[in-house]
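Notes follow the structure.
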Amino acid sequence: MQQRPLFKPKRRPSRLIRRTLLVGLGVFALGSVVWQFLPGEGAQDGAATASKPSDGNEIPLTLEAIESPNETAREAGSESVSIDTPTSGKQSTAFARSVSLGSRPNFHIPGQEEALKAIEAPEANRAAVGSAEDLDPVEGETESASPSLEETTITVDSGDTLSTIFEKAGLGYSDVLKVLDLGDEARRLERIRPGDKLVLMTDDAEQFAGLKYDFSSESELSIFRSDGDQLVAEITDLPSETRLVSAGGTIKGSLYQSAIATGVPPMQIMQLAEVFGWKVDFLRDVRDGDQFRLIYEVRERDGERLGTGHIVAAEFVNRGERVQAVRYTSPNGTSGYYEPDGSSLERGFLRYPVEFSRISSNFNPKRLHPIHNTVRPHNGVDLAAPTGTPVKSAASGRVTFVGWKHGYGKVVQVRHDAKHETLYAHLSGFKGNLKRGASIDKGTTIGFVGMTGAATGPHLHYEFKVHGKALDPLKVDLPEANPIASEDRKDFIARTRGSLEELARIEVDVEGEQPVHLASNERVSRESRED
């Protein structure tokens, strides 16, 4: 039988460790209490000392003077002693705690009440300290500033895409995907063109932070980081102002060359031809010595011209016969060009469905075909224009054919009503998703000039049919649009009088644009109006 040991040797070291820890904690607690009654460390460095023979009730104290001047005892033999003390800091706090341990000694300390209140309400004290730090920041500390962004302006070159632009700027393809995932607004960047400008923004870490893109003269795409550090795409309208200018000249050679010489933009020349298209045949009737005057809108931003707008008023003198036009918007919102008496200058059809340079072949039922060298009727007119020039529908209607038609090449046919139909041939392509049966408005782009089929050069073959019979598009009579309604006549006269008066003041053969003195032109001063 195995004999058990008298004691377990493994338990004695454990009891010894516990006893040693208890003794150590007791010594530490006793030392902490004694430490409260010892004088502060600052007593040796110029501290004010107050002492008195002990009678068993008083505790000798040595406190560092920080803010208050020393105060001496008011009367000899007084039981109260005034001692300099700080209102805050470690020493005053330690003193207050020592007093609270036993009976309070019979003396007064300035600032003692404030120190006791600070201990009794530590949260309020800390709040006060925090507010003081806000008002008086520690020397060397600076307020945190928002991160700065660096902007880089990039001009789009031929062949550039958003990916190549980001790559040149040191940004990754992942940034491109993040941008394009922002929706339809951001996908406008997939249609950037040579000459466009993009402003890329990067942060201090050279990471993508946003961009700006003026995709038109009136709108801007902005991509930026929101408060939640998420990329956001937004389209905003760019501020601009519209003012009126005028020009006038005498025809020498052609309307286009003469108007360009006086500073008229090409867009306004084409508008002028459209406004008077059913009154003047600018291909056949214009002669040297004819005169023109016009008032038109220009859009500007910060003094830089963004583009032009509508013609407001115009005049053309052809062989001594004067014709005038004013633009008027009725109270119901419809706009059009009218003669001063209210007659409409528009027709239900455009005279020319394309901007062309010349008529390469007229309407001729017995024309000798240039390719087949046989007599074949030419049931339309050929309007020569560069490949890709937009072709517009001559009037509102419904598409009856889109596709290839033998020698005509690519063709679009439009039926406008039970009586009228038009045909557009030799196109290089069709506009968008144009399909048979689609409803289109007057002036809608339906295709582009080309030379498909039996064609010797780029041009538009344009046919005009009435009850299925081909007629000369340049000579056919078309009904006028509706004149000014009787209920709108007074408003029409009042709103167009100023434009007609200003039109008469325009000088011809003056180089450059001339100012217009109308109330709608905010840039014209009262002094210039009186002149």
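The values are calculated or read from the model by the stated rules, or taken from the named source; none is laboratory data. This one's a predicted model, so the numbers in the text were calculated from it and none came from an experiment. Every residue, glycine as well, gets a Cβ built from its backbone with ideal geometry; the counts of neighbours run over all protein chains shown.
The table below lists the values:
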{"quantity": "Of the criteria (1) over 19 Å from ALA384 (Cα atoms); (2) of a type outside the set (S, T, N, Q); (3) in contact with a Leu (Cβ under 8 Å, 6 or more places away or on another chain); (4) surrounded by 19 or more Cβ atoms within 10 Å (Cβ to Cβ), which one LYS442 fails", "calculated": "(4)"}
{"quantity": "Any hit, segment 323-338, residues being farther than 23 Å from GLU241 by Cα, modelled with pLDDT of 90 or more and of a type in the set (A, V, I, L, M)", "calculated": "yes"}
{"quantity": "Helices (runs of 4 or more DSSP H) within segment 94-208 that include 3 or more residues modelled with pLDDT of 85 or more, within 24 Å of the chain's Cα centre (by Cα) and not charged (D, E, K, R)", "calculated": "162-168, 173-180"}
{"quantity": "Any chance GLU220 is in a strand (DSSP E or B), in the same structural domain as THR161 (by TED's automatic domain parsing) and at pLDDT below 90", "calculated": "yes"}
{"quantity": "Within segment 144-176, tally of residues that are exposed (fewer than 11 other Cβ atoms within 10 Å of the Cβ) and not hydroxyl-bearing (Ser, Thr, Tyr)", "calculated": "3"}
{"quantity": "Any hit, segment 396-410, residues being closer than 24 Å to SER360 by Cα, surrounded by 14 or more Cβ atoms within 10 Å (Cβ to Cβ) and of a type in the set (A, V, I, L, M, F, W, C)", "calculated": "no"}
{"quantity": "Failed item, numbered, when VAL476 is tested on (1) farther than 30 Å from HIS420 by Cα; (2) surrounded by 13 or more Cβ atoms within 10 Å (Cβ to Cβ)", "calculated": "(1)"}
{"quantity": "Test: residue in segment 438-454 that is within 23 Å of GLY397 (Cβ to Cβ), in a loop (DSSP other than H, G, I, E, B) and of a type in the set (Lys, Arg)", "calculated": "yes"}
{"quantity": "Pick from segment 224-243, criterion among the hydrophobic types (A, V, I, L, M, F, W, C) and assigned to a strand (DSSP E or B), ranking: farthest from the chain's Cα centre (by Cα)", "calculated": "LEU231"}
{"quantity": "Checklist (1) out of contact with any Lys or Arg (no Cβ under 8 Å at 6 or more places or on another chain); (2) free of Cβ contacts under 8 Å to residues at least 24 places away in the same chain applied to ALA169, failing item", "calculated": "(2)"}
{"quantity": "Check on LEU478, in contact with a strand residue (DSSP E or B) (Cβ under 8 Å, 6 or more places away or on another chain) and part of a helix (DSSP H, G or I)", "calculated": "no"}
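Listed here are the residues, each with its yes/no results for (1) part of a strand (DSSP E or B); (2) surrounded by fewer than 15 Cβ atoms within 10 Å (Cβ to Cβ); (3) out of contact with any His (no Cβ under 7 Å at 6 or more places or on another chain).
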{"residue": "VAL245", "(1), (2), (3)": "yes, no, yes"}
{"residue": "GLY248", "(1), (2), (3)": "yes, no, yes"}
{"residue": "SER258", "(1), (2), (3)": "no, no, yes"}
{"residue": "VAL264", "(1), (2), (3)": "no, no, yes"}
{"residue": "MET267", "(1), (2), (3)": "no, yes, yes"}
{"residue": "ALA273", "(1), (2), (3)": "no, no, yes"}
{"residue": "TRP278", "(1), (2), (3)": "no, no, yes"}
{"residue": "VAL286", "(1), (2), (3)": "no, no, yes"}
